[in-house]
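Here's the structure, in structure tokens; my notes come after.
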Amino acid sequence: MMSWIRTAITLIGFGFTIVQFFERLGPLTGEPLRRPLAPFYFGSLLIGAGVVALVVAGWQYRTVIGYMRQGEFAAIAGIDHGPTHTPIYAITIITIFIGVFAFLTVVTRAF
């Protein structure tokens, strides 16, 4: 799960950076960009992919933990029947909110 979170944070950060970099590149060089909306689309796609990856990873993690709590797997995995909420859920949800906020920031600044 942590590798999914790390990958999603990288996608969100890289997408946001692409949008911001190319938004400021035009005035610095003095030349207009050939395709001015291409960085916006690519960056938005990366941010969206990061958010979707987090949602899928959270759902997959919950499914696997639920499966491991059943029957004979619980003893092998060392999982008791205590609370199912772990700190990883909080980290995932917070990161999803950060990704959605970054996506909304990019979209509102573009138009």
Check whether at least one residue in the stretch 40-58 is out of contact with any helix residue (DSSP H, G or I) (no Cβ under 6 Å at 6 or more places or on another chain), farther than 16 Å from Val107 by Cβ and exposed (fewer than 12 other Cβ atoms within 10 Å of the Cβ), and report yes or no.
-> no
Is at least one residue of the stretch 43-54 in a helix (DSSP H, G or I), more than 19 Å from Ile94 (Cβ to Cβ) and in contact (Cβ under 8 Å) with a residue 40 or more places away in the chain?
-> yes
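Scan the stretch 24-34 and give yes if some residue there is touching a helix residue (DSSP H, G or I) at 6+ places or on another chain (Cβ under 7 Å) and in contact (Cβ under 8 Å) with a residue 40 or more places away in the chain, otherwise no.
no
Read-outs throughout are calculated quantities, based only on the coordinates presented, and are distinct from any laboratory measurement. These numbers come from a predicted model, not from an experiment. Cβ: placed from backbone, ideal geometry, glycine included. Neighbour counts: every protein chain shown.
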